[in-house]
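The values are calculated or read from the model by the stated rules, or taken from the named source; none is laboratory data. Source: prediction; values computed, not measured. For neighbour counting, all protein chains shown are included, and Cβ atoms are generated from backbone atoms with ideal geometry for every residue, glycine included. Surface accessibility is based on the protein's heavy atoms, side chains included, excluding ligands, DNA and RNA. Shrake-Rupley method; radii C 1.70, N 1.55, O 1.52, S 1.80 Å.
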There are 2 protein chains.
Amino acid sequence: MALDFEFMTPTKIVFGRGSSDKIAELLKEQNSRKTLVVYGGGSVVRSGLLARVLAHMDAAGIGHVELGGVVPNPHLSKVYEGIELGRKEGVDFILAVGGGSTIDTAKAIAYGLAYDGDVWDFYEHTKTAVSCYPVGSILTIAAAGSETSNGSVITNEKTGSKRAFDTEFGRPKFAVMDPELTMTLPDYQTQSGATDIMMHTMERYFTCVDTLDITDSIAEGLMRTVMKHAQILHTDPDNYDSRAELMWSGSLAHNGLTGIGTDGGDWSCHQLEHEMGGMFDVAHGAGLAALWGSWARYVWKEAPQRFVNFAVRVHGIEPSENTEETVLKGIEAQEAFYRSIGMPTSLKELGIAPTDAQKKEMAQRCYAACGGPQGSVKKLDTDDMYQIYCLADH
Amino acid sequence: MALDFEFMTPTKIVFGRGSSDKIAELLKEQNSRKTLVVYGGGSVVRSGLLARVLAHMDAAGIGHVELGGVVPNPHLSKVYEGIELGRKEGVDFILAVGGGSTIDTAKAIAYGLAYDGDVWDFYEHTKTAVSCYPVGSILTIAAAGSETSNGSVITNEKTGSKRAFDTEFGRPKFAVMDPELTMTLPDYQTQSGATDIMMHTMERYFTCVDTLDITDSIAEGLMRTVMKHAQILHTDPDNYDSRAELMWSGSLAHNGLTGIGTDGGDWSCHQLEHEMGGMFDVAHGAGLAALWGSWARYVWKEAPQRFVNFAVRVHGIEPSENTEETVLKGIEAQEAFYRSIGMPTSLKELGIAPTDAQKKEMAQRCYAACGGPQGSVKKLDTDDMYQIYCLADH
């Protein structure tokens, strides 16, 4: 029986070519008088995007102060820097120009500006937020879905802890989505993003509770769409339509729509990857691809019908009477897809070689971060987590 | 190439058993001190729902005043009555307890309360709204999608004109969706609702512009889901899960999601039905079912590939080399579905027999209401509209 749910996706989407030129209008709708503009490395500087955005704000009389240097697996220290800068400058809005790491940093700064204590409390789940400064974004990579999601993930680089914090306050006010902005990404980043989008959908899809057909059908269609267009972009990176498909799918994959009426899904792979991302600076999507097959083989017997549906409806596998055969064909098809777009399906292919002690440490940290057993398909304890790291280490 | 778009679905969804008991909390979130409660016939009175809702409001100290008697194809006179009552009583929120007609009436009242002129101006498209009172709903039928859509449709019963008005102000603040509330509906109304949901999706699906795969896949999955569960409910009306599938699909079918990145679709059938609904008091969904096959046969040659996709992906037709054969099989499969749930596929089955003069009058009124040629697959002029009414008259 379908579970009850609450759902709200208030983010205004402004999608299409040149949409970043509407930034001043959007900030005016938000009554911003002074905006903190957060960005990452130099690409938004080199492309001229940042200068164009600031020029629009200047022309509209919207004050601004900039904070650059956000890194992938974004650091807590940058969040603290943003909170301090935002307070000093009296900003009233946080605009992220970049991808998931930049938007997540903007969200964390926004939480911190509305809170007297240490914002890391929220990510450690010892406190919860009761308000948040408004956030918006100009998205430059289709991946994390943070532009419409309620979540953000920050890494405490001193302790190596990568932690998520989700509340409805975290939903941005607007998302400017111009697929053209993603065309200059290296293929590896495009595909790592596509993998993240797939995984946001798959981790909601694989669950032990009854699901709604409408939710399943949306998730399955989304996965087929993302695979098709990721493969097109692997050989034709300038394909605007495929960029658009991936970008819009990235939002839908993580705004909650594909998990409606479920228990939220099974986020074990994300949790396992978070620990890997905290210890070895790997691309998030690539880390997920490297782990998923091992997780799937480890857990599928707890929910065989979900894995059969995945094989048949997402990968077009002809179902056989032998459930295991169908399931394994589905898992292999998913791994074949990852390889087809240059994504790893093992830790070796990912380029890391954790020692046994490191695997045990990651498993322990993961268990601790989850506050206990993790997963819906199968509840993983520390040893299960360790076993999955070992399975993936080939 | 996919078209640019803006999209925002801010309505808070509260979905599940007993969700109407959260009404006071939701109205408090909206800071309502006095709410106008709009409802239709006696069913929400007889079921005790209205009394329960008012008791929750009383307990929470939220003032209220009631306006009952909204009819299907809701009347402008009831809207005027609500505006007058709302002004006199100084309400600050409009709560619809009912289906699409009740919610549409609530929206029209909300527009009227925020406007000094005649609210019918908006529906005649001689003026546009710049604000609107806040609206929320407790939904009792899965059909119109008005609970999250930006639209409303009102009939001026003096002139027989049925007119739509769509703005982003028209999106309700919240929608309380308890599938159990729909279990007492007569099957004909359930199925007329399912047809309306199908048609909201189909009218977005059939278009001449390039579409996004992600949008198509969501629309196709939604249509398959609605057909499956409408058929289940035809024999098992108390099936909670199928009620839930239909209810959530009804919102997704009309909140804009299934039209993302298109020109909005081809709303000819809705326009043709509006005129029929204005002249003969027919159930909206049933009227759509009675017209659709004739519209499809009249226009398919303008967009054969869309009709092939519909046949293959929605109805599982094996594609043949003969496009026409595949298209017609798809149209026939859709009509077979309508018949399987007791819906008409002709005007005779719908139970109306317009004279030739009436068909001409409907065509003329439809053309005038559309302000010119109507449609995306094929632009219909007055004679085309007349021909479709004639085709359907068997």
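Structure data summary
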| quantity | calculated |
| --- | --- |
| Ratio of Rg to Rh over chain A (Cα coordinates, Kirkwood Rh, two decimals) | 0.96 |
| Cα radius of gyration and Dmax for the range B:33-163 (Å) | 13.9, 43 |
| Protection proxy ranking of B:242-250, A:199-207 - average other beta-carbon atoms within 10 Å, highest first | B:242-250, A:199-207 |
| Percentage, to the nearest whole number, of Cα pairs in the range A:187-293 over 21 Å apart | 35 |
| Rough spin-label spacing in nm, given labels placed 7 Å along Cα→Cβ, for residue B:238 and residue B:336 | 3.2 |
| Whole-percent pair-distance distribution, where bins are 5 Å wide, for the alpha carbons of the range B:284-394 | 2, 13, 19, 21, 20, 15, 8, 2, 0 |
| Furthest towards positive pole of dipole, B:98, B:250, B:195, structure part chain B, Cβ charges | B:98 |
| Among B:175, B:353, B:286: highest mean-square fluctuation, GNM of chain B, C-alpha pairs under 10 Å | B:353 |
| Angle between chain B longest axis and helix B:100-113 axis [Cα atoms, degrees, rounded to 10] | 60 |
| Relative contact order (percent, whole number), the range B:289-394, Cα cutoff 8 Å, 6+ residue spacing | 34 |
| With every protein chain in place, chain A: carbon and sulfur % of accessible area (1.4 Å) | 49 |
| Antiparallel DSSP beta bridges within the protein assembly as shown, as percent of all bridges there, nearest 5 | 30 |
| Cα-based equivalent ellipsoid of the range B:14-78: semi-axis lengths in Å, sorted from largest, via gyration tensor | 21, 15, 11 |
| Pairwise centroid distance, computed over Cα atoms, of the range A:268-337 with the range A:1-80, Å | 34 |
| Convex hull per residue volume in Å³, alpha carbons only, for the range A:123-274 | 127 |
| Mean projected area (nm²) of the alpha-carbon convex hull when the protein assembly as shown is viewed from all directions | 32.8 |
| Folded to 0 to 90 degrees: helix B:240-254 orientation relative to chain B principal axis, Cα | 80 |
| Label point 7 Å beyond Cα along the C-beta direction, distances from residue A:348 to other copies (nm, shortest first) | 7.3 |
| Most mobile listed residue (B:216, B:178, B:58) in chain B, GNM with C-alpha springs under 10 Å | B:58 |
| Listed residues A:190, A:258, A:11, most fluctuating in chain A (Gaussian network, C-alpha, under 10 Å) | A:11 |
| Reach of residue A:78 by Cα under 16 Å, taken over lysines that are not fewer than 8 positions away in the same chain | A:88, A:107, A:158, A:162 |
| Position residue A:124, label points 7 Å along Cα→Cβ, spacing to each other copy in nm (shortest first, one decimal) | 6.6 |
| Interface A:B - total buried accessible surface [probe 1.4 Å, Å², rounded to 100] | 3400 |
| Exposure of residue A:126 as accessible area (Å², to 10), given a probe of 1.4 Å and all protein chains | 100 |
